[in-house]
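The values are calculated or read from the model by the stated rules, or taken from the named source; none is laboratory data. These numbers were taken from a predicted model, which means no experiment stands behind them. FYI the Cβ positions are ideal-geometry reconstructions off the backbone, even for glycines, and counts take in every protein chain you see.
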Amino acid sequence: NTLKRWPVFPRSLRQLVMLAFLLILLPLLVLAWQAWQSLNALSDQAALVNRTTLIDARRSEAMTNAALEMERSYRQYCVLDDPTLAKVYQSQRKRYSEMLDAHAGVLPDDKLYQALRQDLNNLAQLQCNNSGPDAAA
């Protein structure tokens, strides 16, 4: 008797099939919604990784170019012995140092950063020998 008073109780086979369909569809909709949220989160994370990778690649390329400019200025200073070229070299070295500090978080090992920092510090003084950079440089 209580089942007959229950309003959702199916009165025909069609209503029973519809009720079963809805009961099966509800968890599937919940799972689809969760999958959609997870996909959005992964998409956002992938976009962030892509942006940081692009920034790191551009910074790495800029550091390579800065290192080549530093080497060129160092060699020009050793050949011409012009104090202006020494100032240019020091400004390039400072810019490279700033880029290295910005890039430090991306390097896989802190020892690598320390080695690069030490090498850069060793290049602070221009040392020329026979119109070229000293062998230690």
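Since ALA102 meets every condition but one in (1) under 21 Å from ILE55 (Cα atoms); (2) among the hydrophobic types (A, V, I, L, M, F, W, C); (3) without any contact (Cβ under 8 Å) to a residue 40 or more places away in the chain, which condition does it not meet?
Result: ALA102 passes all but (3).
Just one of (1) among the polar types (S, T, N, Q); (2) in a helix (DSSP H, G or I); (3) on the phi > 0 side of the Ramachandran plot trips up ASN130, so point out which.
(2)
Just for helices (runs of 4 or more DSSP H) wholly inside the range 1-119: which have at least 3 residues that are at pLDDT 95 or above and surrounded by fewer than 11 Cβ atoms within 10 Å (Cβ to Cβ)?
Numbers: elements: 2-5, 13-80, 83-103.
Hits in the range 1-119: 13-80.
Working only within the range 110-137, note down all residues that are under 16 Å from SER60 (Cβ atoms) and without any contact (Cβ under 8 Å) to a residue 24 or more places away in the chain.
Filtering the range 110-137 for residues under 16 Å from SER60 (Cβ atoms) gives 112-113, 116, 120.
If the condition is that a residue be under 16 Å from SER60 (Cβ atoms) and without any contact (Cβ under 8 Å) to a residue 24 or more places away in the chain, then LEU112, TYR113, LEU116 are the ones that fit.
Look through MET63, MET99, MET70 and report the one residue that is under 12 Å from LEU120 (Cβ atoms) and out of contact with any Phe, Trp or Tyr (no Cβ under 7 Å at 6 or more places or on another chain).
Details: MET63 fails: out of contact with any Phe, Trp or Tyr (no Cβ under 7 Å at 6 or more places or on another chain); MET70 fails: out of contact with any Phe, Trp or Tyr (no Cβ under 7 Å at 6 or more places or on another chain).
That would be MET99, the only listed residue that is under 12 Å from LEU120 (Cβ atoms) and out of contact with any Phe, Trp or Tyr (no Cβ under 7 Å at 6 or more places or on another chain).
What about ALA66, is it among the aliphatic types (A, V, I, L, M) and either in contact (Cβ under 8 Å) with a residue 12 or more places away in the chain or touching a His at 6+ places or on another chain (Cβ under 6 Å) (or both)? Reasoning before the result, please.
Working: among the aliphatic types (A, V, I, L, M): yes; either in contact (Cβ under 8 Å) with a residue 12 or more places away in the chain or touching a His at 6+ places or on another chain (Cβ under 6 Å) (or both): yes.
Judged against the criteria, ALA66 is a match.
Under 7 Å between Cβ atoms, which residue pairs at least 6 apart in sequence (or on different chains) link something in the range 31-54 that is farther than 29 Å from ALA104 by Cβ and among the β-branched types (Val, Ile, Thr) with a partner that is at pLDDT 95 or above and surrounded by 10 or more Cβ atoms within 10 Å (Cβ to Cβ)?
No pair meets every condition.
Exactly one condition in (1) touching a helix residue (DSSP H, G or I) at 6+ places or on another chain (Cβ under 9 Å); (2) farther than 25 Å from ALA115 by Cβ is false for ALA41; which is it?
(1)
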